[in-house]
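*Asks:* Quick one: structure below, then a few questions.
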Amino acid sequence: MIDLKSMTQEEMTSFFQELGQPKFRAKQVFLWLHRGAASFSEMSNIPKNLQQQLAQTCRLTAPEIERKQESKMDGTIKYLWRLWDGNCIESVLMRYRHGNTLCVSCQVGCNMGCVFCASTLGGKVRDLAPSEILDQVIFAQKDSGAQISNIVMMGIGEPLDNFENVLRFLELVNDPDGLNIGMRHISLSTCGLVNKIDKLADSALQLTLSVSLHAPDDETRSRLMPVNRAVGVERLMESCRSYFARTGRRISYEYAMIDGVNDSDWQADLLAGLLKGQPAHVNLIPLNHVEESPLKPSHRVRQFQQRLESQGVTATVRRKLGSDIDASCGQLRRKQMKESTSHPGKDEVP
Ligand code: SAH
């Protein structure tokens, strides 16, 4: 089945030309798809016979809401979507003063193996198509009625491990005839796949790159994040410095504070040393406790922050939103996987 929604307008134009259709069809269908049409039959300005032809040859992705949880504290909404093949993914809608932000997933599960993260517990099932990443924005907006102005790629999955589809998604969501979300309103978070960071720098997109660092020393980082075992912190920093040099975009470093693991003074000092001389921003995240993990949140977040700041490194503590609704990465899917017995083979708990 053809995935029309993953096509750019240009590709759609040649697709319709090959069908012997006029050029303007592409834009008509593009507008319908990006506004959340759930079937070809609602596309009222498309001839009936073409609607039928498309319905027979194209898959129109439209995820179902499997679960929806709304925080009573701050209005955060967490969506668990069921995809066409039965797999589930999550998105979180957060309301900030500067606009509504949607955190999207880019894979079903994740292969990166970070020990503190709920998304990776069952490994990666598959990559998401560009249309399936886009659908999260289209349908969260449609369901909530909230205009989404910012996107963070910090949901389930490793964006740079699904590089081509993620880049295609960025192009689609950026289209002025589509959702028209500017690159400067998009953040992409990576566990640090250096070759792909280098490749991303080639595209010189104006998005914000977030690097999940979580430890400044190789011993701790390799323990927390298997990705560090092949390529250590020094090589990662090299890619980060070069990313800034080539794009002019300041990198944001994520650092989940874990009790007795990465929260000591010497690690703050080492981190400050690493970032010296590069325009950087450190985002300290209070660890979200994952049931399966022995790791505990740190009580030294403020001290750690002050120690960084006293050495000239900008550091902020991430405000927790939606903590009453399992709103962090992979937690809702995990819960669903544990409870669900009705979809054997899909989303099973290992
Ligand atoms: N794969 C990407 C993006 C997904 S995770 C990455 O690794 O960056 C988004 C952020 O949440 C990452 O910084 C990740 O390390 C962090 N994270 C995952 N589990 C967490 C937890 N239990 N507590 C706090 N932060 C967590």
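*Asks:* May I ask you to compute the full-extension gain from residue 310 to residue 143, defined as 0.36 nm times their residue separation minus their alpha-carbon distance, rounded to one decimal in nm?
*Replies:* Full extension from residue 310 to residue 143 adds 55.6 nm.
*Asks:* I've got another one for you. Express in nm, to one decimal, how much length is gained between residue 1 and residue 199 on full extension, taking 0.36 nm for each residue of separation and deducting their alpha carbon distance. The partial results should precede the final answer.
*Replies:* Working: separation 198, 0.36 × 198 = 71.28 nm, distance 3.02 nm.
Extending this stretch completely gives an extra 68.3 nm.
*Asks:* Run the paramagnetic zone check for residue 206: 7 angstrom along Cα to Cβ, then residues of region 114-156 with backbone nitrogen under 19 Å.
*Replies:* Label zone hits: 149-153.
*Asks:* For residue 72, go through the aspartates and glutamates and keep the ones whose alpha-carbon is under 17 Å away, minus same-chain ones fewer than eight residues off.
*Replies:* Output for residue 72: 324, 326.
*Asks:* Still on this model: Express as a percent, rounded to the nearest 5, the fraction of DSSP beta bridges in the chain (both residues included) that run antiparallel.
*Replies:* Bridges in the chain are about 45 percent antiparallel.
*Asks:* Further, regarding this structure: Which lysines have a Cα less than 16 Å from the Cα of residue 124, not counting those fewer than 8 places away in the same chain?
*Replies:* 346
*Asks:* Another question about this same structure. Please report the accessible area of residue 291 (heavy atoms, 1.4 Å probe, ligands and nucleic acids excluded) in Å², nearest 10.
*Replies:* Near enough 150 Å² of accessible area.
*Asks:* Counting only protein chains, not ligands or nucleic acids, how are 34, 281, 289 ordered by accessible area (probe 1.4 Å), most first?
*Replies:* Largest accessible area first, the residues go 289, 281, 34.
*Asks:* Given the pairs 78/196; 142/335; 5/48, which span a C-alpha to C-alpha distance of over 27 angstrom in this model?
*Replies:* Over 27 Å Cα-Cα: 78/196.
*Asks:* Another one. With the Cα gyration tensor of region 103-205 giving a ≥ b ≥ c as the square roots of its eigenvalues, does the rule (a/c under 1.5 for rounded; else a/b larger than b/c for prolate; else oblate) give rounded, prolate or oblate?
*Replies:* oblate
*Asks:* Only Cα pairs under 8 Å and at least 6 apart count here; give the relative contact order of region 38-104 as a rounded whole percent.
*Replies:* Here the relative contact order equals 20 percent.
*Asks:* Could you put 85, 202 in order of accessible surface area, largest first, with the 1.4 Å probe and the full protein assembly present?
*Replies:* Final ranking, largest accessible area leading: 202, 85.
*Asks:* For a test of the definition: using alpha carbon positions, the gyration tensor, and the 1.5 limit on a/c, classify region 3-49 as rounded, prolate or oblate.
*Replies:* Oblate is the answer for region 3-49, as a/c is 1.5 or above yet b/c matches or exceeds a/b.
*Asks:* Let me cross-check residue 24: its accessible surface, 1.4 Å probe, with only protein heavy atoms counted, in Å² to the nearest 10?
*Replies:* Here the residue's solvent-accessible area equals roughly 110 Å².
*Asks:* If you don't mind, there's one more thing I want to ask. Once R0 is set to 56 Å, what does the formula 1/(1 + (r/R0)^6) return for the Cβ-Cβ distance between residue 299 and residue 84, expressed as a FRET efficiency to the nearest 0.05?
*Replies:* Details: r = 45 Å, r/R0 = 0.80.
E between residue 299 and residue 84, to the nearest 0.05, is 0.80.
*Asks:* Then there is this: Net charge around residue 262, counting only other residues with Cβ within less than 14 Å of its Cβ (Lys, Arg = +1; Asp, Glu = -1)?
*Replies:* -3
*Asks:* On full extension of the chain, what length is gained from residue 8 through residue 259, given 0.36 nm per residue of separation minus the C-alpha to C-alpha distance?
*Replies:* Going from the current span to full extension adds 85.8 nm.
*Asks:* Can you give the accessible area of residue 198, probe radius 1.4 Å, in Å² rounded to 10?
*Replies:* 40 Å²
The values are calculated or read from the model by the stated rules, or taken from the named source; none is laboratory data. Here the structure is a predicted model, which means the values were calculated and not measured. As a convention, Cβ positions derive from the backbone with ideal geometry for all residues, glycine included, and neighbour counts pool all protein chains shown. Ligands, DNA and RNA are stripped out before the accessible areas are found, and what is left, the full protein with its side chains, is counted by its heavy atoms. Shrake-Rupley method; radii C 1.70, N 1.55, O 1.52, S 1.80 Å.
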